[in-house]
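A.B. asks: My questions will all concern the structure given below.
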Amino acid sequence: QVQLVESGGGFVQPGGSLRLSCAASGSIFSTFAMSWYRQAPGKQRELVAAITARGSTNYADSVKGRFTISRDNTKNTVNLQMNSLKPEDTAVYYCNAARPKMDYWGKGTLVTVSS
């Protein structure tokens, strides 16, 4: 069992930055692919960024060049650095841990981008 707890959400003006963190329990964190998803009001949950167990990354086109995902296997954390935020980035952001036959979600953290 893996428990995920997100933090770092909040209110920011357009053009600002936020750093989300996801803390994971369990000693096998390094074997999981980690991802950040988001869900805006009235929309489906979408993949924002992912990082494999080996450190390869993948980003949604809408955030490329603005967001950076990273992981620290010594601290069991995955981070999402979000720069140049736009109002359309407003959503609840969820952390996900996945490996074959295993899939875990955090409860989410709200990011609001508004002037």
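Conditions (1) open to solvent by 60 Å² or more (accessible area, probe 1.4 Å); (2) within 19 Å of Val92 (Cβ to Cβ); (3) among the aromatic types (Phe, Trp, Tyr), marked per residue:
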site: Val2; (1), (2), (3): no, no, no
site: Gly9; (1), (2), (3): no, yes, no
site: Phe29; (1), (2), (3): no, no, yes
site: Arg45; (1), (2), (3): yes, yes, no
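A.B. asks: Which residues, counting only those in the range 1-50, are of a type in the set (Phe, Trp, Tyr), assigned to a strand (DSSP E or B) and within 14 Å of Asn96 (Cβ to Cβ)?
C.D. replies: Trp36, Tyr37
A.B. asks: Next question, about the same structure. Any residue in the range 76-86 that is assigned to a loop (DSSP other than H, G, I, E, B), touching a Pro at 6+ places or on another chain (Cβ under 8 Å) and over 18 Å from Leu4 (Cα atoms)?
C.D. replies: Scanning the range 76-86, I find at least one residue that is assigned to a loop (DSSP other than H, G, I, E, B), touching a Pro at 6+ places or on another chain (Cβ under 8 Å) and over 18 Å from Leu4 (Cα atoms), so the answer is yes.
A.B. asks: Here is a list of conditions, (1) open to solvent by 60 Å² or more (accessible area, probe 1.4 Å); (2) assigned to a loop (DSSP other than H, G, I, E, B); (3) in contact with a Phe, Trp or Tyr (Cβ under 7 Å, 6 or more places away or on another chain); (4) not β-branched (Val, Ile, Thr), and Ala53 meets all of them except one; can you say which number that is?
C.D. replies: Of (1) open to solvent by 60 Å² or more (accessible area, probe 1.4 Å); (2) assigned to a loop (DSSP other than H, G, I, E, B); (3) in contact with a Phe, Trp or Tyr (Cβ under 7 Å, 6 or more places away or on another chain); (4) not β-branched (Val, Ile, Thr), only one is false for Ala53: (1).
A.B. asks: Turning to a different aspect of this structure: Go through (1) touching a residue at least 60 places away in the same chain (Cβ under 8 Å); (2) over 18 Å from Tyr93 (Cα atoms); (3) basic (Lys, Arg) for Arg19 and report which single condition fails.
C.D. replies: Condition not satisfied by Arg19: (2).
A.B. asks: Moving on to the next point. Take the residues in the range 63-83 that are open to solvent by 60 Å² or more (accessible area, probe 1.4 Å) and of a type in the set (Ser, Thr, Tyr); name whichever of them is nearest to Arg38 (Cα to Cα).
C.D. replies: Top of the filtered list is Thr68.
A.B. asks: Any idea which of (1) over 19 Å from Tyr104 (Cβ atoms); (2) under 14 Å from the mean Cα position of the chain (by Cα); (3) not in a loop (DSSP other than H, G, I, E, B) is the one Val63 doesn't satisfy?
C.D. replies: Looking at each condition in turn, Val63 falls short on (3).
A.B. asks: Anything in the range 95-110 that is at negative phi and not charged (D, E, K, R)? List them, or say none.
C.D. replies: If the condition is that a residue be at negative phi and not charged (D, E, K, R), then Cys95, Asn96, Ala97, Ala98, Pro100, Met102, Tyr104, Trp105, Gly106, Thr109, Leu110 are the ones that fit.
A.B. asks: Return yes when Gly15 is open to solvent by 60 Å² or more (accessible area, probe 1.4 Å), out of contact with any helix residue (DSSP H, G or I) (no Cβ under 7 Å at 6 or more places or on another chain) and on the phi > 0 side of the Ramachandran plot and no when it is not.
C.D. replies: No, not satisfied.
A.B. asks: Does the range 33-40 contain at least one residue that is in contact with a Phe, Trp or Tyr (Cβ under 9 Å, 6 or more places away or on another chain), open to solvent by less than 60 Å² (accessible area, probe 1.4 Å) and of a type in the set (A, V, I, L, M)?
C.D. replies: No, the range 33-40 contains no residue that is in contact with a Phe, Trp or Tyr (Cβ under 9 Å, 6 or more places away or on another chain), open to solvent by less than 60 Å² (accessible area, probe 1.4 Å) and of a type in the set (A, V, I, L, M).
The values are calculated or read from the model by the stated rules, or taken from the named source; none is laboratory data. Computed from a prediction, not measured in an experiment: that's the story for all the values here. We place every Cβ from the backbone using ideal geometry, glycine too, and count neighbours over all the protein chains shown. In case anyone asks, the SASA skips ligands and DNA or RNA and just uses the protein heavy atoms, side chains included. Shrake-Rupley method; radii C 1.70, N 1.55, O 1.52, S 1.80 Å.
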